[in-house]
1. Considering each residue of the range 323-377, count those that are over 28 Å from Ser201 (Cβ atoms), charged (D, E, K, R) and crowded, with 18+ Cβ neighbours inside 10 Å, and give that number.
2. For Gly233, only one of the following conditions fails: (1) at pLDDT below 80; (2) surrounded by 13 or more Cβ atoms within 10 Å (Cβ to Cβ); (3) more than 17 Å from Leu304 (Cα to Cα). What is its number?
3. Give the number of residues within the range 191-207 that are under 28 Å from the mean Cα position of the chain (by Cα) and either free of Cβ contacts under 8 Å to residues at least 12 places away in the same chain or in a helix (DSSP H, G or I) (or both).
4. Quick one: is Lys177 over 27 Å from the mean Cα position of the chain (by Cα), over 17 Å from His273 (Cβ atoms), charged (D, E, K, R) and assigned to a helix (DSSP H, G or I)?
5. Quick one: is Ala96 more than 23 Å from Thr28 (Cα to Cα) and aliphatic (A, V, I, L, M)?
6. Considering only the range 165-193, state which residues are surrounded by fewer than 20 Cβ atoms within 10 Å (Cβ to Cβ) and in contact with a strand residue (DSSP E or B) (Cβ under 8 Å, 6 or more places away or on another chain).
7. Quick test for you: out of Gly315, Gly263, Gly309, Gly290, pick the one residue that is loosely packed, with under 14 Cβ neighbours inside 10 Å and either assigned by TED's automatic domain parsing to the domain that holds Asp227 or within 30 Å of Gly355 (Cβ to Cβ) (or both).
8. I'm told Ala348 meets every condition in (1) within 22 Å of Asp270 (Cα to Cα); (2) assigned to a strand (DSSP E or B) except one. Can you identify the failing condition by its number?
Amino acid sequence: MKTLKTSKTLIVATISLLSLPAMAGYGTVSEGWGFLQDDWQVVCDNTRTCRAAGYASETLIDEPASILFTALPRVALPKSQIQLISEVPLDDLKPAQLWLNNKNYGVLQPNKENSLLYDLSAKQTQALLDHARIATKIEIRAGDNQWQISDKGMSAVLLKLDDVQGRVGTSMALISKNQRNQQTPKAALPIPTINKAFAYSAKDSNALAPSKLKYFQQNINKWVDIDSKQLIGSGNTMGDCELVNPKTETYQRMSEYGSTMLGWDFIPVDKAHTLATHLCWSGPYNSSTGYWLINNDKPSNPMLITTAGNDYFDGEISATHKDRGIGDCWSRTAWIWNGKTFVKSAEASTGLCRGFAGGAWDLPTYVSKVIDSNGKAQ
């Protein structure tokens, strides 16, 4: 997910890191926001590529700044970039420079493909890594403008990255070269390939015969176990689907208010399959819909794909959610139709909620290569 432009100018720089062992913090590197410690996080995808991001402290949320390290398995030095939000137009700023503990480490180079990003050189990246174990004041200065990125959590996050990628005690370690228990650097895992099958487009929304549609409408509540714990849940967690069950308090309350969103909808996927959809929950700035796949010839056992979706288009179900109301952090998951079912194709967040409109980074926990019905990669 790309960072959205606002009236402010975004300047971005990312830093890619290698992997290290974790000693504190909480969370799992391959889920959600990953492993977190103070103002830093590390997120790894299913290929073992890891991304470590550090942010300005929450007390400086009016001056957002972030560093991203992107570490490929068995690659010694990570790629690095920095992202800032500036009240001053980018063209009016003097060259941005990296300062560590009040020492100048040189000018940041604008990214050639993204005008909002600054790339760090290998020397600048190494300088940051060399400072990871000590208290460090990380600053970006551009004339009279300056931004500060917190060092709190940096060491623990990079240690976790080293551990995940098997770098501990090796020459490729980011900060754990002197550890006694030497690991063996882990190789990258292959990117899964998904062959996307033909699916009706939006213009084929009426492809379901009226008689079949009526049959589905009359029987769907018999086919779906609306009393299952998986669907009712607590009512407060993404993934619950309390609004599919007329017995729940939330359903009854919305029904009393005359809500028109409590019925089932049916979307033809291809001539043999149909999606049954139902609103699951609705909040101040998020909502989610459940998606069940029906085999048209044997419709009595629908397959639940997700209860956290909110859109379907041409063979793809997607779930996009704000992690808080102002929209400075998001998460997204997608599922692709392969002719038999919908399989997860992507999952990512934009990082911690630290003042970047649309989120600061793209931090995937799952990636894939989708090949369309014409043999082209999407």
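The values are calculated or read from the model by the stated rules, or taken from the named source; none is laboratory data. Quantities reported herein were computed from a predicted structural model and do not represent experimental measurements. Cβ sites come from the backbone with ideal geometry, for glycine too, and all protein chains shown count toward neighbours.
1. The number of residues fulfilling the criteria is 3.
2. (3)
3. Here the count works out to 1.
4. no
5. On the way: more than 23 Å from Thr28 (Cα to Cα): yes; aliphatic (A, V, I, L, M): yes.
So Ala96 passes the test.
6. Ile191, Pro192, Thr193, listed by residue number.
7. Residue meeting the stated conditions: Gly263.
8. With (1) within 22 Å of Asp270 (Cα to Cα); (2) assigned to a strand (DSSP E or B) applied to Ala348, the lone miss is (1).
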